[in-house]
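Asker: Supplied in structure tokens, the structure appears directly below.
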Amino acid sequence: MANYLSTFQQGFLGGKTTLPISSKFGMRMHPIYNQWRFHYGIDIAVAQGTQLRAPLRGRVTNRVQRGKAGLYITLAHRNDDGSMLYVLFMHMHSVVDSVMGQEVEPGTLLGTTGGNVADGPDKAGNSRGAHLHLEVRRGANDSAHAVDPEYFFLANHKLTEFRSGKLISNAQSGTRFTDDELVTVAVKKGTQKCVPAWDITVESATEFEQPKPNKIEYAGQTKIAPGIWQIVKLLLDSSVEDRQVADSSICVQMGSLLNFFQKVCQEPLVEFMGDTFGNNYYYIVRKPPFDKEGYLRMMEMACTDISDEEIISTNIQWNNANIYSWYRFVPYADCLGISEAEYFCPAIFLPEFAAIWGSRPLCVQSNYFNFIDSGYYNSSEQANKENSMRIIRNMVKDFRYIIESNAYNAFSRSGSVTLRGNRKIKRGTLVMFSNGECFHVDGVSQNYSVSTGSVERTTTLQLSKGLFSEFIQGKENQNGDFCSYFNIVDFGEYKDEEITQDNFRKIISKWKINRNVFQYFLARQQIYKNDKQITVQ
């Protein structure tokens, strides 16, 4: 007997039997970023406030406000064959509170659609016009398991192109598809049943399209690179691609090639790592995503939702490491082994931290003293001055990054969690629990045990930087203070282009603790919602 996939109840979206599709599943030119990216769902053009009802029986597992997805909910449904189906509704305008965490029947009102800029970024995310982003994930709740809902789950609806009105599909009501048919149609369309999770870098990475084999030039002839190099790729975050490292020891290379790479990619400003994604091995060079910009981008592009059902055990505690009350940044220039401090950057003292955790300094010496084309020697005085300003501005940006990516450590959580086997989660990505708490994955270990008639797999994750997602973007508390993990330190209002050699010390000297925000997180008010404590793992 065939195992049939579930299809959506007709009229689940505003009672409509015809759905206008404004953006399909698959590779597309992103309308905002003007880059080729994979679209993991479909966009349905409906007016803001259109009623959204449950298309399937299932449990509403989470309600999240984060990043470019805005306000969204997830419906978990079990198919006939026992596999799980996760349906995500993004850019919502409102959500019915009573359905959260509940098992709902088809037709149950879940909320209303949104997407308009007027909703604000917390709800609309990066949407610029009213629509519903509908995403279907089969087997596990991550983008690697996204499938095209067009011909299967929306089989009871007539689908048209939003602008032209051209008919896309018109399946008969009650149509059901088997898993084999899903694969067959996906192959005919040129898409895939499961999208490989190879692209985990930030949105400004230099490689977006499916990689092709590396090629090598041989005396005017182009040939495929031999052996292992056909499956080795390099992903480079554009925010670090033009950095220059001034370290004379690189010229006298000894030891392994890996040590050389790590010397070029010096933490905490640049990190180097590698892992398998799909059928390729990727070396990744990036800025660690621990500031606000990096965290939000990773939440959008490389975050895996973890349901309560997947968790076997947890050991997560409030963090008590890497808490600092002093910050010092020392940019160095190194020429032929002679080092000199390029600029004397003022140290920052945070007395509120010192009063609780004592005097704990963090001093970072950086060999990334400038960016490309910003050296000492130029043919004109004006060019030399511009290069000097560029060095100073990047020094201030690096110093701010170091403080911003560490100031919240005292209010974050870390530890480990053991899940039912999951090979999709990779080191360097993020995971989010159903309570909205988001963690950076520091390490992944896979284990299995064999018994008579069965093999059990478990996945253990080492986690750090645990932050509640709504306070990453930030929100107002009961007292009207805007609270975010990233405004614990008040950096003041200034533009990068306003930084000069004459005023950079004055700008840095004004950095101080935002006391109301500090007290809010110190009292752990972030774990309360509507005066009720959020369940923490």
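The values are calculated or read from the model by the stated rules, or taken from the named source; none is laboratory data. The structure displayed is predicted, hence computed values, not measured ones. No Cβ is skipped: glycine too gets one built from the backbone with ideal geometry, and neighbour counts run over all protein chains shown.
Asker: Kindly check whether there is at least one residue in region 251-258 that is among the β-branched types (Val, Ile, Thr), assigned to a loop (DSSP other than H, G, I, E, B) and more than 17 Å from Arg427 (Cα to Cα). Lay out the reasoning, then the answer.
Answerer: Going residue by residue through region 251-258, those that are among the β-branched types (Val, Ile, Thr) are 252.
Imposing the further condition that a residue be assigned to a loop (DSSP other than H, G, I, E, B) reduces the set to 252.
Pick out the ones that are also more than 17 Å from Arg427 (Cα to Cα) and you get 252.
Yes, because at least one residue in region 251-258 is among the β-branched types (Val, Ile, Thr), assigned to a loop (DSSP other than H, G, I, E, B) and more than 17 Å from Arg427 (Cα to Cα).
Asker: For region 98-120, check the following and say yes or no: at least one residue is in contact (Cβ under 8 Å) with a residue 40 or more places away in the chain, hydroxyl-bearing (Ser, Thr, Tyr) and in a helix (DSSP H, G or I).
Answerer: Scanning region 98-120 turns up no residue that is in contact (Cβ under 8 Å) with a residue 40 or more places away in the chain, hydroxyl-bearing (Ser, Thr, Tyr) and in a helix (DSSP H, G or I).
Asker: Among the residues of region 433-468, count how many are modelled with pLDDT under 90 and of a type in the set (A, V, I, L, M).
Answerer: Adding up the residues that qualify gives 2.
Asker: So Phe12 passes all but one of these: (1) under 20 Å from the mean Cα position of the chain (by Cα); (2) modelled with pLDDT of 90 or more. Which condition number does it fail?
Answerer: Here Phe12 meets the rest and fails (1).
Asker: Could you tell me how many of the residues in region 254-272 are of a type in the set (D, E, K, R) and under 18 Å from Ser238 (Cα atoms)?
Answerer: Looking only at region 254-272, we keep the residues that are of a type in the set (D, E, K, R), and these are 263, 267, 271.
Subset that is under 18 Å from Ser238 (Cα atoms): 267, 271.
Here the count works out to 2.
Residue-wise test of (1) crowded, with 21+ Cβ neighbours inside 10 Å; (2) under 28 Å from Thr304 (Cβ atoms).
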| residue | (1), (2) |
| --- | --- |
| Ser414 | yes, yes |
| Val431 | yes, yes |
| Asn435 | no, yes |
| Asp442 | no, yes |
| Thr452 | no, no |
| Glu456 | no, yes |
| Ser469 | yes, yes |
| Phe482 | no, no |
| Asn487 | no, yes |
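Asker: Still on this model: What do you reckon, is Ser239 assigned to a loop (DSSP other than H, G, I, E, B), of a type in the set (Ser, Thr, Tyr) and closer than 27 Å to Asn394 by Cα? It would help to see each step written out before you state the result.
Answerer: Numbers: assigned to a loop (DSSP other than H, G, I, E, B): yes; of a type in the set (Ser, Thr, Tyr): yes; closer than 27 Å to Asn394 by Cα: yes.
The answer is yes for Ser239.
Asker: So for region 241-249 (the condition being loosely packed, with under 14 Cβ neighbours inside 10 Å, small (Gly, Ala, Ser), touching a residue at least 24 places away in the same chain (Cβ under 8 Å) and assigned by TED's automatic domain parsing to the domain that holds Asn367), does at least one residue qualify?
Answerer: The answer is no, given that none of the residues of region 241-249 is loosely packed, with under 14 Cβ neighbours inside 10 Å, small (Gly, Ala, Ser), touching a residue at least 24 places away in the same chain (Cβ under 8 Å) and assigned by TED's automatic domain parsing to the domain that holds Asn367.
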